[in-house]
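Enquirer: Pasting a structure below so you can have a look.
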Amino acid sequence: MDERELSHLREWFVGFSSSFHGSSEEEQRNIALKEEHTGLVCANIRRIAREETRDAGRVALAEACALFHDIGRFPQYRRYGTFKDSISVNHGVLGADLLAQGGALDKFPRNEQTIVIQAVRHHNAFAVPSSLDAECAFYLRLVRDADKLDIWRVFLEFYRLPEGERASAVSLGFPDLPGCSPDVIEALRRGEMVRLARVRSLNDFKLLQLSWVYDLNFPVSFRMLLERDYIGGLGKVLPPDEEVERAVQAVREFALCAAAWTGGDGCTISA
Ligand SMILES: [Fe+2]
């Protein structure tokens with residue numbers, strides 16, 4: 001894929017997303033959030049991909065994966081009025097099915113179509129499926145890192161806004177209860193990804209977001225995470241609690257080690 005082809009895809013995306021612009025202020029805020037998110041995930045993936053490959057065609061293809069990764073969000077919000085997959089539809093699968101039906105990617109070689117469609121389908125899965133071939137898995141890992149690096153921004157902006165100005169669909173409707181669940185704190189401290197099914201409150205959800213650090217794939221992604229101080233930002237919106245602070249510190253140490261990683265055995269939680 002070259003830059004000219006990529007810019008055609010960007011135009012396609014603008015036409016597609018504009019067709020979902022909402023009638024109410026709240027709808028518009030939620031849709032605009034996804035448009036802005038897409039642009040920033042594209043910027044993130046360019047930086048990560050450029051560190052991982054010198055091939056401009058592969059960087060452009062990576063950006064196409066980022067451009068389309070959330071297209072399922074638009075029909076999901078129109079149909080169900082929510083971004084919560086568990087009460088509506090898996091937006092990765094919806095987006096991949098939409099692309100597979102034809103349209104935007106028709107002119108591209110079959111292998112490039114497969115890479116983009118698989119990246120969209122699995123970008124929000126709990127883990128990278130082992131069934132994917134190495135090339136598809138590479139692009140999927142790029143998109144998963146680029147996506148997380150912007151979702152952290154979206155959530156931190158959300159938590160900082162007064163309630164009336166928040167895009168309502170961001171928090172997925174979790175109740176803002178005091179404290180965190182002990183099993184969720186412990187999972188984070190042990191270096192585990194927290195499953196959504198274990199989340200009982202908005203504070204647990206913040207810990208789940210921190211646990212995504214364990215799923216980043218590339219050293220540059222960890223450097224971007226640290227530059228932007230997302231761990232510190234999420235730490236500040238969590239309740240003051242010794243166990244929580246210890247878990248956040250475990251995440252920070254893991255990220256510092258991974259950012260400096262250049263090969264070898266990688267990083268483990270020592271706590
Ligand atoms: Fe997504």
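The values are calculated or read from the model by the stated rules, or taken from the named source; none is laboratory data. Not measured: the values here are computed from a predicted model. Please note: Cβ atoms are built from the backbone with ideal geometry, for glycine as well, and neighbour counts cover all protein chains shown. For accessibility, only protein heavy atoms count, side chains too; no ligands or nucleic acids. Shrake-Rupley method; radii C 1.70, N 1.55, O 1.52, S 1.80 Å.
Enquirer: For the chain, what is Rg from Cα atoms divided by 2.2 N^0.38 Å, rounded to two decimals?
Expert: 1.00
Enquirer: On the full set of protein chains, 1.4 Å probe, figure out the accessible area of VAL14 and give it in Å² to the nearest 10.
Expert: 90
Enquirer: Given charges of +1 on the Cβ of Lys and Arg and -1 on the Cβ of Asp and Glu, with all other atoms neutral, how large is the dipole of the chain about its Cα centre, in debye to the nearest 20?
Expert: 140
Enquirer: Only helical DSSP H runs with n ≥ 4 go in: add -39500 (n - 2.57) per run for the chain, normalise by residue count and round the 222 nm mean residue ellipticity to 500 deg cm²/dmol.
Expert: Estimated from H runs of four or more residues: -20000 deg cm²/dmol.
Enquirer: Could you give the nm distance between label points at GLU157 and ARG79, where each point is 7 Å from its Cα heading toward the beta carbon?
Expert: Between GLU157 and ARG79, the label points sit 2.7 nm apart.
Enquirer: So what is the relative contact order for region 37-149, in percent, with contacts set as C-alpha pairs under 8 Å and at least six apart?
Expert: 32
Enquirer: Okay, next question. What residues of region 171-214 lie in the reach of a label at SER130, counting those whose backbone N is under 20 Å from a point 7 Å from the Cα along Cα→Cβ?
Expert: Label zone hits: 192-195.
Enquirer: Additional query: Pop a pseudo-label 7 angstrom from the Cα along the beta-carbon direction at both LEU256 and GLU5 and give the gap in nm to one decimal.
Expert: Using points 7 Å along Cα→Cβ, the separation is 4.4 nm.
Enquirer: Still on this structure: For region 203-248, what D do you get in µm² per second when you plug the Kirkwood radius from alpha-carbon pairs into Stokes-Einstein at 37 °C and 0.692 mPa s?
Expert: In µm²/s, the coefficient rounds to 294.
Enquirer: Right, something else. Considering the options SER23, TRP12, ASN44, tell which one lies farthest towards the positive end of the dipole of region 1-48, charges being +1 on Lys and Arg and -1 on Asp and Glu at the Cβ, about the Cα centre.
Expert: ASN44
Enquirer: Here is a follow-up. Taking the Cα centre of region 146-263 as origin and charging only Cβ (+1 Lys, Arg; -1 Asp, Glu), how large is the dipole, in debye to the nearest 20?
Expert: Once rounded to the nearest 20, the dipole reads 180 debye.
Enquirer: Going 7 Å from the Cα of ASP55 toward and past its Cβ, which residues in region 102-134 have a backbone nitrogen under 15 Å from where you end up?
Expert: Output list for this probe position: 109-116, 133-134.
Enquirer: Quick one: what do you get for region 108-154 if you divide its Cα Rg by 2.2 N^0.38 Å?
Expert: It is 1.17.
Enquirer: Suppose a student asked you for the relative contact order of the chain, using Cα pairs under 8 Å spaced at least 6 residues apart; what percent would you report?
Expert: 16
Enquirer: What are the extents of the Cα atoms of region 1-101 along their three principal axes, in Å, largest first?
Expert: 43, 25, 25
Enquirer: Another question, then. Relative contact order for region 199-255 using alpha-carbon pairs under 8 Å, separation at least 6, rounded to a whole percent?
Expert: Over region 199-255, the number comes to 43 percent.
Enquirer: Under a 1.4 angstrom probe, counting protein chains only, how are ARG4, ARG246 ranked by accessible area, largest first?
Expert: In descending accessible area the options line up as ARG4, ARG246.
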